[in-house]
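Data block below; observations after.
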Amino acid sequence: VPLLRVLDFLRRQIPTITLLVAGERERFEGMLEEAGVPQDLTEHIVVTGWLPEEQMRLAYAAADVVTTPSLCLDTFNLMNLEAMAAGKPVVGTIFGGTPEIVVDGITGYVRNPLVQASYQDALCALLQNTALARAMGQAGRKRAEENFALDRQVETYVHFFENPPPSHA
């Protein structure tokens, strides 16, 4: 629901804004109904249902900003990394592992989605400043490639296997 309150604010600032929700259609539409979201706000929301990998890549490419306002303690929200790899800035949550992926002020913003002013300001800044969004997106892509690419992960694991920590026995 925090995202819906922010969307209600943002549509007044950016009348053409569209929120694309990739995920379980029935669950999200039920949440909209339960929250009593007015029709004029739902006109700014497109719920796609689950997308196959290729269509998800297209969704990232079409996005200006990706946001993951989860209140759950996701240990490693892959959506953040996928968005960064696609060159998109991320406005992610303070909860869970997002702060280990998204570097606040560099690859996007890490905010508490329950603090509406801070969360909407971060989204608004990126949506209204394409140069900033592009720079953060490029920084995110670089971070994803340098720190999270599969070959980099393999190198790290091999290093640990070849150089085990000293035994404390």
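The values are calculated or read from the model by the stated rules, or taken from the named source; none is laboratory data. The shown structure was predicted, so the numbers you read here are calculated from the model rather than taken from an experiment. For neighbour counting, all protein chains shown are included, and Cβ atoms are generated from backbone atoms with ideal geometry for every residue, glycine included. Accessible surface is based on the protein model in full, side chains and every heavy atom, while ligands, DNA and RNA are left aside. Shrake-Rupley method; radii C 1.70, N 1.55, O 1.52, S 1.80 Å.
What the table shows:
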quantity: Residues being in contact (Cβ under 8 Å) with a residue 60 or more places away in the chain and either within 11 Å of Val91 (Cα to Cα) or in contact with a Lys or Arg (Cβ under 9 Å, 6 or more places away or on another chain) (or both) - total across region 128-141; calculated: 1
quantity: Output for region 84-109, where each listed residue is out of contact with any Gly (no Cβ under 7 Å at 6 or more places or on another chain) and either under 20 Å from Leu3 (Cα atoms) or assigned to a loop (DSSP other than H, G, I, E, B) (or both); calculated: Ala86, Thr93, Ile94, Phe95, Gly96, Gly97, Pro99, Val103, Asp104, Gly105, Ile106, Tyr109
quantity: Residues (in contact (Cβ under 8 Å) with a residue 12 or more places away in the chain, open to solvent by less than 50 Å² (accessible area, probe 1.4 Å) and either part of a helix (DSSP H, G or I) or farther than 18 Å from Leu4 by Cβ (or both)) located in region 36-62; calculated: Leu41, Gly49, Leu51, Met56, Ala59, Tyr60
quantity: Residue within region 46-61 that is within 17 Å of the chain's Cα centre (by Cα) and among the aromatic types (Phe, Trp, Tyr) present; calculated: yes
quantity: Condition broken by Arg25, with the remaining ones in (1) closer than 21 Å to Ala133 by Cα; (2) open to solvent by 70 Å² or more (accessible area, probe 1.4 Å); (3) in contact (Cβ under 8 Å) with a residue 24 or more places away in the chain; (4) not β-branched (Val, Ile, Thr) satisfied; calculated: (1)
quantity: Subset of region 101-111 [within 13 Å of the chain's Cα centre (by Cα) and surrounded by fewer than 24 Cβ atoms within 10 Å (Cβ to Cβ)]; calculated: Val103, Asp104, Tyr109, Val110
quantity: Residues of region 75-92 classified as surrounded by 18 or more Cβ atoms within 10 Å (Cβ to Cβ), over 20 Å from Leu132 (Cβ atoms) and free of Cβ contacts under 8 Å to residues at least 40 places away in the same chain, total; calculated: 3
